[in-house]
Amino acid sequence: MLPPAVGRGPFPTPVGPVQRYRCPSCHQEIFFRNTACLACGIQLLFDPDRGFSDMAETGHPCANRGQINCNWSADEPGALCLSCQHTTVVPDLSVPANIDRWERIETVKRPLILMLHRLGLPLFDEAGMPVPRFELKGETGDATAPRVLTGHAEGTITLNIAEADDAERERIRAEMNEPYRTLTGHLRHEVAHHYWDVLTEARQDRLETLRAIFGDDRQDYGAALQAHYAEGAPPDWAESYISAYATAHPWEDFAETWAHVFHLLDGLETAQAFGLKAPQAMPEGLERLVREPMPHLAQAWVELTIALNAVNEAMGHETFYPFVLAPPVVAKQEAIRSLIVEANSGDAAVAPSGNALPR
Ligand SMILES: [Zn+2]
Ligand SMILES: [Zn+2]
Ligand SMILES: [Zn+2]
């Protein structure tokens, strides 16, 4: 079992006022990951379009509910929910700790799938198969076996399940000298690579726009990464990049920046749901927020993060948001926001078949 959830954003209506989640029966506050209402005890079922319902009255539980406490609904008895469908490889469950790792990862993945769904980003390919696919793999302990590297290739996101262990992830964070390393951040980063492919497939105009902003992605990816790990980022990277790693290659800049667009939108929407308003007028709800110009969103986000950084410091915690949004970074975020809005405005994108590079 996981520790108590933090509250998530609004009830997922297409466009509408922000709400926090409430039990459909007794109307007490519930958390996004709850399988049951702690007040009245009903079993809860979540549908990405309709929100929470009483499982006794409607719907079918996801087939993974019993194993990993997935609280989403499935279309038919014995089927997987929208989120679990996207996991095509689950960890080796003969390793006892892996069920908990799998549960942790899926608990973080469901809000991401919901966000992609609400933003209108495609979740299925031309053949109707779920994409991106998530492969959750652990090291086998066999020294001759290839290492499990977290990354993306051709619509498949591989996640090393050791990242679900807080102590291990913190060890890697310190070793890599990163200010922030979370499962949520990993997943947001990796789906960005997939959507670069999907949204530029057969769209040379979009590709040219991204290349003009993030750089020419045809430069050798493997060599660029090697050079990054050997030499590090340029000393002045923070003037135009969100992270040191973003300097490694245009694809990494795009993925790092995309992740921060998601942090910002989800962070702002969650703050709105709990009554933390930006001083400037701001529409409510993800579907409206994403249509605001990025400089406006960034201003609100910076003000919110300054406040939350101070609250965290008062508690002796690590900095809540240890990043600087320099104007060139906001311009890149605006390009990503525009891409998402444009992709949602009609011409449905489907997954591409090319681009075999793992990244
Ligand atoms: Zn209740
Ligand atoms: Zn599920
Ligand atoms: Zn990457």
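The values are calculated or read from the model by the stated rules, or taken from the named source; none is laboratory data. Computed from a predicted model, the values in this text were never measured in an experiment. Note that we place each Cβ from the backbone using ideal geometry, even for glycine, and neighbour counts take in every protein chain shown.
Ile161: of a type in the set (A, V, I, L, M) and not assigned by TED's automatic domain parsing to the domain that holds Gly222, yes or no?
On the way: of a type in the set (A, V, I, L, M): yes; not assigned by TED's automatic domain parsing to the domain that holds Gly222: no.
So Ile161 fails the test.
Would you confirm whether or not segment 165-184 contains a residue that is in contact (Cβ under 8 Å) with a residue 24 or more places away in the chain, touching a Gly at 6+ places or on another chain (Cβ under 8 Å) and within 15 Å of ligand 3 (Cβ to nearest atom)?
Looking through segment 165-184, none of the residues is in contact (Cβ under 8 Å) with a residue 24 or more places away in the chain, touching a Gly at 6+ places or on another chain (Cβ under 8 Å) and within 15 Å of ligand 3 (Cβ to nearest atom).
Quick one: in segment 110-137, which of the residues that are free of Cβ contacts under 8 Å to residues at least 24 places away in the same chain and of a type in the set (Gly, Ala, Ser) is nearest to ligand 2 (Cβ to nearest atom)?
Taking the candidates together, the pick is Gly128.
If the Cβ limit is 6 Å and pairs must be 6+ apart or interchain, which residue in segment 263-277 that is of a type in the set (S, T, N, Q) pairs with which residue that is outside any helix (DSSP H, G or I)?
Listed pairs, sorted by first residue: Thr270/Gly9; Gln272/Val18; Gln272/Glu284.
Okay, residues lined up against (1) modelled with pLDDT under 95; (2) closer than 25 Å to Asp165 by Cβ:
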{"site": "Phe46", "(1), (2)": "no, no"}
{"site": "Arg50", "(1), (2)": "yes, no"}
{"site": "Ile68", "(1), (2)": "no, yes"}
{"site": "Pro77", "(1), (2)": "no, no"}
{"site": "Ala97", "(1), (2)": "yes, yes"}
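Scan (1) closer than 10 Å to Pro24 by Cβ; (2) of a type in the set (Gly, Ala, Ser); (3) more than 16 Å from ligand 1 (Cβ to nearest atom) for the single condition Ser83 breaks and write down its number.
Of the numbered conditions (1) closer than 10 Å to Pro24 by Cβ; (2) of a type in the set (Gly, Ala, Ser); (3) more than 16 Å from ligand 1 (Cβ to nearest atom), the odd one out for Ser83 is (1).
Can you name every residue in segment 173-213 that is among the β-branched types (Val, Ile, Thr) and closer than 22 Å to His117 by Cα?
First pass over segment 173-213, keeping only residues among the β-branched types (Val, Ile, Thr): 182, 184, 191, 198, 200, 209, 213.
Correct list: Thr182, Thr184, Val191, Val198, Thr200.
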